[in-house]
Structure formats: structure tokens, C-alpha cells
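Report on the structure given below.
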Amino acid sequence: MADFDVHDHRHELKQLRDSGTTSLWENREDMACPVCDEIFSRLFVTEQAGTTFPENDGARFCLLRDDDAVYLFRH
């Protein structure tokens, strides 16, 4: 599993929201998830120690943690 830097993929993603410590991105180029290699639809990034997620629709997601952030890939 490779490291992931959202800034390296800026041209493939559209930023939907940014609060300063969290951001939400749309995958516009059918980029593969670095965790499972399947295409993901949204990417949530947080630098916060804890984040609450609203109830979801049952969609699968993958998490990737590195030294600076946690990445959530929703499929």
C-alpha cells in the first residue's frame, strides 16, 4: 500500500468542501483507491484526532492513515 498525498492528485479530484482541518473531494477521473485498487467516488481527509460521520447509506469505504492525516475513500 503506497502513501497518498491529495496534492499529488489535485488534477484528478474536485474539492467539494474544506474547513481547514477536514476536506471532501470528488473523484473525477476514476482514480483507483490506494487501499483496495477499486475506483472510489469521494475522498474525505481529516487532520483532526476524532471525527463523527453521519449515518451512511451502506456504501463501502476504505481508510488510509499516514503521519499527517486519515483518508476515507467512499465507494
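Descriptive notes on the structure:
- Residue count, region 1-35 (criterion: polar (S, T, N, Q) and either open to solvent by 100 Å² or more (accessible area, probe 1.4 Å) or assigned to a loop (DSSP other than H, G, I, E, B) (or both)): 2
- Once region 37-59 is narrowed to residues that are more than 15 Å from Ala69 (Cα to Cα) and modelled with pLDDT of 90 or more, the residue that is surrounded by the fewest Cβ atoms within 10 Å (Cβ to Cβ) is Asp37.
The values are calculated or read from the model by the stated rules, or taken from the named source; none is laboratory data. The model shown is predicted, which means the values in this text are computed figures rather than measured ones. So basically every Cβ, Gly included, is an ideal-geometry build from the backbone, and we count neighbours across all protein chains shown. When the accessible area is computed, the model is the full protein with side chains, heavy atoms only, and any ligands, DNA or RNA have been set aside. Shrake-Rupley method; radii C 1.70, N 1.55, O 1.52, S 1.80 Å.
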